[in-house]
Amino acid sequence: MAEILGLTVSDFPFLRMKPANMPWVLWGNLAWGWRQRPDLRDPANWPAPMRAEWGTDQGFAAGAAHQLRQHEQFRTLRGALDDFRPDLLLVLYRDVHETFAGAERPQWWLHTHDAITVRPYNLWTFFRDNWFEEDPDRAQTFHGHPQAAAAIARHLETVGIAPRLVSTSPHPAGLGHNAIAGAVHLDFERRAFGTPILPLGIDPFRFGRARDEEGLSPLDPSRIDAPLTPRQAFDLGVELARALRPSPWRVAVVAAGDWSHANDAPKTQGRIHPDIDADRARFAQWQAGEYTAWPDVLSFDEFEAHAQWELLIATVLAGAMAELGAGAPRHADFQPTWVCNDNFVTTVFEPR
């Protein structure tokens, strides 16, 4: 019988780069974004807490402080993993037009590789000044877990939600940067990557949408290329737990993602910071173990209003934890940011 640990870890890529990069998304909007809202290029039009974080150094001190606090959270997660000694990490991550850059754009997919080569210290080929001062061209092998992938696939097929299986990743970097971030952040100090990593990618946007630093193109719910609904995401998590429960493995199920993002808001909405109030309200439910209600209260309209599309990743973990009866997490931390695009959530559930 398996034992399963649930975690969330931030996938914000600049947490593993030099601190000067932390407000990069905001800088990009100031430099070339907000074409429909040029008034937002003037910090005088920002909320007072955001102006305070921006300060006189364009957000450098605030970004560096956010980064260091997250590094402490990474140590908490690593301690939980060391105590648990997993046989594999099932990493739930978001991806959009990275792994599947052509016409095919599945809702979600499961990697089945034996091993995959990535360059974890080189972000999008042009951010090379990483926190660790590692050679940005250094290749690293992430070992997979084909046996667990096969067990999950067999179970999901029996319940009618067969995954798209990916044995050889078409991603030019091997894996999407969010999956790489999850792996690096969970082993931030040693970066040995000895534990097999089984990535499960999810596209939370779809509807034919384009996404850039300025936001999302218009939502058209009438299109058939929809993302997973909150109910489907929750039920996927339930079935993942059911697939793993009879296995002999110790599995850490990891939601590598953040919640609201400034650049997940519609371009016309012009949000310049994450939706801190909406995330805080959801976090209160998460912290109290009330996430079992999420599939009934979350909706596409909610995601759109609060730029919380990537909460879909955590909703899959919520389904798995609900199926296991995990209840409230033993550790839960919410770190809001005004100038770093994301709010960061760190969670450790008791193993079940």
Go through region 85-137 and count every residue that is among the aromatic types (Phe, Trp, Tyr) and closer than 19 Å to Ser167 by Cβ.
4
Charged (D, E, K, R), surrounded by fewer than 13 Cβ atoms within 10 Å (Cβ to Cβ) and touching a helix residue (DSSP H, G or I) at 6+ places or on another chain (Cβ under 6 Å) - does that describe any residue in region 80-90?
no
Thr337: part of a helix (DSSP H, G or I) and in contact with a helix residue (DSSP H, G or I) (Cβ under 8 Å, 6 or more places away or on another chain), yes or no?
no
From the list Pro246, Pro221, which one is over 20 Å from Val348 (Cβ atoms), open to solvent by 40 Å² or more (accessible area, probe 1.4 Å) and at pLDDT 95 or above?
Pro246
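Would you mind stating whether Arg94 is surrounded by 22 or more Cβ atoms within 10 Å (Cβ to Cβ), among the charged types (D, E, K, R) and either closer than 17 Å to Phe14 by Cα or out of contact with any Leu (no Cβ under 8 Å at 6 or more places or on another chain) (or both)? Walk me through it before giving the result.
Values: surrounded by 22 or more Cβ atoms within 10 Å (Cβ to Cβ): yes; among the charged types (D, E, K, R): yes; either closer than 17 Å to Phe14 by Cα or out of contact with any Leu (no Cβ under 8 Å at 6 or more places or on another chain) (or both): yes.
For Arg94, the condition - surrounded by 22 or more Cβ atoms within 10 Å (Cβ to Cβ), among the charged types (D, E, K, R) and either closer than 17 Å to Phe14 by Cα or out of contact with any Leu (no Cβ under 8 Å at 6 or more places or on another chain) (or both) - is met.
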Count of residues meeting criterion [open to solvent by 10 Å² or more (accessible area, probe 1.4 Å), of a type in the set (Asp, Glu) and outside any loop (DSSP other than H, G, I, E, B)] in region 249-305:
5
Any idea which residue in region 127-150 is nearest to the chain's Cα centre (by Cα), counting only those that are surrounded by fewer than 18 Cβ atoms within 10 Å (Cβ to Cβ) and among the hydrophobic types (A, V, I, L, M, F, W, C)?
Trp131
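The values are calculated or read from the model by the stated rules, or taken from the named source; none is laboratory data. This is a predicted model, so every value here is computed, not measured. For neighbour counting, all protein chains shown are included, and Cβ atoms are generated from backbone atoms with ideal geometry for every residue, glycine included. Protein only, heavy atoms only, side chains kept; ligands, DNA and RNA dropped before computing areas. Shrake-Rupley method; radii C 1.70, N 1.55, O 1.52, S 1.80 Å.
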